[in-house]
Amino acid sequence: MFKNSGEFSYTVGKIDEFVEEKGSQFTALREVYYNDSEKPSIELRRYSVNKEGNEQMAKGVVFMTPTGPQEAAKAIIRAGFGETTEYIQELKDTRKDFDQALNKVLGPDDKRYDPDVKMDEVFDASTFVQEEDEDDEELPF
């Protein structure tokens, strides 16, 4: 049987994004390492700050899969939260593949498609494979 002493330690990793703040509480998206674990969890959690300035964890969500945060972001957008221009600006400012992704979504038939954007080339491997003719001689090696 597992006995929880209530004591644990955690370290915040590279992801540490504050989402909102009110009074002595805040919500953050964080990469968290527990008790010297090498495997982090990605969490969206509320924290409170006590009078001494120490953080205390409150309720939150620990994403179970690597795609969880992406699916949460899409659900927030589908539910109508946020401003479209702010989402687009954030993607433009933080994603190196923004122009290529936008072109891929728009497609070349869309008037907003930018033909000057260098797109990743996709090769069809079958164009590199030659069919063996019956007349071809087999090499001796």
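The values are calculated or read from the model by the stated rules, or taken from the named source; none is laboratory data. Nothing here was measured: the structure is a model prediction, and the numbers come from that model. Note that each Cβ is placed from the backbone with ideal geometry, even for glycine, and that neighbours are counted across all protein chains shown.
Within region 32-86, the residues that satisfy the criterion of being over 16 Å from F8 (Cβ atoms) and charged (D, E, K, R) are R46, K51, E52, E71, K74, R78, E83, E86.
Within region 66-78, can one find any residue that is of a type outside the set (D, E), assigned to a loop (DSSP other than H, G, I, E, B) and without any contact (Cβ under 8 Å) to a residue 40 or more places away in the chain?
Narrowing region 66-78 to residues of a type outside the set (D, E): 66-70, 72-78.
Retained after the next criterion (residues that are assigned to a loop (DSSP other than H, G, I, E, B)): 66-67.
Filter once more, keeping what is without any contact (Cβ under 8 Å) to a residue 40 or more places away in the chain: 66-67.
Checking region 66-78: at least one residue is of a type outside the set (D, E), assigned to a loop (DSSP other than H, G, I, E, B) and without any contact (Cβ under 8 Å) to a residue 40 or more places away in the chain.
Cβ separations smaller than 7 Å between residues 6+ apart or across chains give the following pairs from region 2-20 residues that are aromatic (F, W, Y) to residues that are at pLDDT 95 or above: Y10/V32; Y10/Y33; F18/F26; F18/A28.
When region 79-103 is filtered for residues that are within 18 Å of E17 (Cβ to Cβ), of a type outside the set (S, T, N, Q) and part of a helix (DSSP H, G or I), the ones remaining, listed by number, are E86, Y87, E90, L91, K92, D93. Before we move on, is Y87 surrounded by 10 or more Cβ atoms within 10 Å (Cβ to Cβ), of a type in the set (F, W, Y) and over 20 Å from the mean Cα position of the chain (by Cα)? Taking the combined requirement at face value, the residue does not satisfy it. One residue stands out in region 53-63 among those that are modelled with pLDDT under 95 and loosely packed, with under 10 Cβ neighbours inside 10 Å: the one that is nearest to G23 (Cα to Cα), namely G53.
Confirm whether G82 is at positive phi and modelled with pLDDT of 95 or more. Spelling it out, G82 is indeed at positive phi and modelled with pLDDT of 95 or more.
The sole residue among E71, E21, E43, E31 that is over 20 Å from the mean Cα position of the chain (by Cα) and either among the acidic types (D, E) or surrounded by 10 or more Cβ atoms within 10 Å (Cβ to Cβ) (or both) is E21.
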